[in-house]
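Take a look at the structure set out below.
Only the coordinates and a few stated rules stand behind these numbers; no lab work does. Predicted model only: the values in this text are computed from it and were never measured. Using ideal geometry, Cβ is built from the backbone for each residue, glycine included, and neighbour counts are taken over all protein chains shown.
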Amino acid sequence: MQSKTALSNSSKPPTLNASPDWINFDGQLLRSGASLFTTTNRSFRYGDGLFETMMVRDGRLCLGSYHFDRLFSGMQLLQLAVPATFDRETLEPQILALCQKNGNPPHSRVRMVVYRDEGAASSPISPIPHYIIESWPLPVELALNDKGLVIDVFPDGRKACDALANLKSNNYLLYTLATLYAQKHALDDCLVLNSRDRLADSTIANLFYVSKGQFFTPSLSEGCVAGVMRRHLLENMPRAGFPVQEKIVTPEDLLNADEVFLTNAIKGIRWVGAFRTIKYNNQLTANVYQQLIA
């Protein structure tokens, strides 16, 4: 359905507590605000590192195997050492213990940052990693958004189509600028183009659209982040009767789509109500949410 009616911005999610009481630094519980590194920190200077944003529900790390697969493969790509004790069996209990310590069960948002040991650009580059884990409470009721998001395309930057583009990198400048563009134009999110002027993903999510009952999402070769919720849906949608395909996606595809939704590890699925002058329903999106997310 097409319309040129002005579109209202949907309600924003609540702002997360900027400072949890406790953090985990290299396996040690420390009070938030503790001094952790100097100005020679390579993540601060160069964006040299990775991060994972995860959800804990009822004492369980959701999609944990996907998160750790992506983290460890990303560390290998960045030539960061993976110590013998740096594995899921060691890290997952630390994540759950931190959520408990911060008093934010049953649902928590967790952010884990892995970065390279300190050093200047001219010095030998170390493979030694460090990590920081933070946690915040999430609303108990998690559901599909009742008001569709309003989105558009960020026009002033492009993403490369290489293996680095699939990482959750600490170098987040393009997405930051796209977020500022969305705020300035009263949008809920912005889609990011790749170097071929095709759609990659959004500032915090992967993109899916529906056309004639078929689901589509940009291929990893198009420069999108290798999202864990994206992976979950690609593996499970066909079994649930939802045909899905990875492909090249353009803004024109969205102008002709029946439904559009965004996915990430915290929100699961958020349906899009409008892209430019096009409005969408969420019938099939809601079915996918109920069967594979809720």
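So here's what we get for this one:
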quantity	calculated
Inter-site label distance for Thr250 and His185 at 7 Å from Cα along Cβ, in nm	1.9
Local electrostatic count at Arg231 - Lys and Arg +1, Asp and Glu -1, tallied over other residues with Cβ under 12 Å	-1
Sequence of Ile95, Ile204 once ranked by neighbouring C-beta atoms within 10 Å, starting from the fewest	Ile204, Ile95
Relative contact order of the chain, defined on C-alpha pairs under 8 angstrom at six or more residues apart (%)	19
Inter-part distance where the range 28-89 and the range 244-287 are each reduced to a Cα centre, Å	30
Per-residue HN-Hα couplings for the range 256-268 [Karplus 6.51, -1.76, 1.60; θ = phi - 60°; Hz; x = Gly/Pro]	10, 7, 8, 8, 9, 8, 10, 10, 7, 6, 8, 8, x
Under 11 Å, Cβ to Cβ, from Ala286 - net charge with Lys/Arg +1 and Asp/Glu -1	-2
Local electrostatic count, Glu118, Cβ distance below 14 Å [Lys/Arg +1, Asp/Glu -1]	0
Flagged links, alpha-carbon separation over 19 Å, of Lys159/Lys247; Lys147/Lys267; Lys184/Lys267; Lys159/Lys184	Lys184/Lys267; Lys159/Lys184
Those aspartates and glutamates that a straight Cα-Cα span of less than 16 Å connects to Lys279, excepting residues fewer than 8 apart in one chain	Asp146, Asp152, Asp188, Asp189, Glu252, Asp253, Asp258, Glu259
Burial order of peptide ranges 60-67, 272-279 (average beta-carbon count within 10 Å, highest first)	272-279, 60-67
GluC sites (Glu not before Pro) restricted to the range 78-162 and DSSP loop, no more than 15 other C-beta within 10 Å	Glu141
Equivalent ellipsoid semi-axes - Cα gyration tensor, the range 188-239, angstrom	19, 13, 11
Length-normalised contact order of the range 22-137 in % [C-alpha pairs under 8 Å, at least 6 apart]	37
Tensor-based shape of the chain (alpha-carbon gyration tensor, a/c under 1.5 rounded, otherwise prolate or oblate)	prolate
Most to least packed among 146-155, 177-186 [average Cβ atoms within 10 Å]	146-155, 177-186
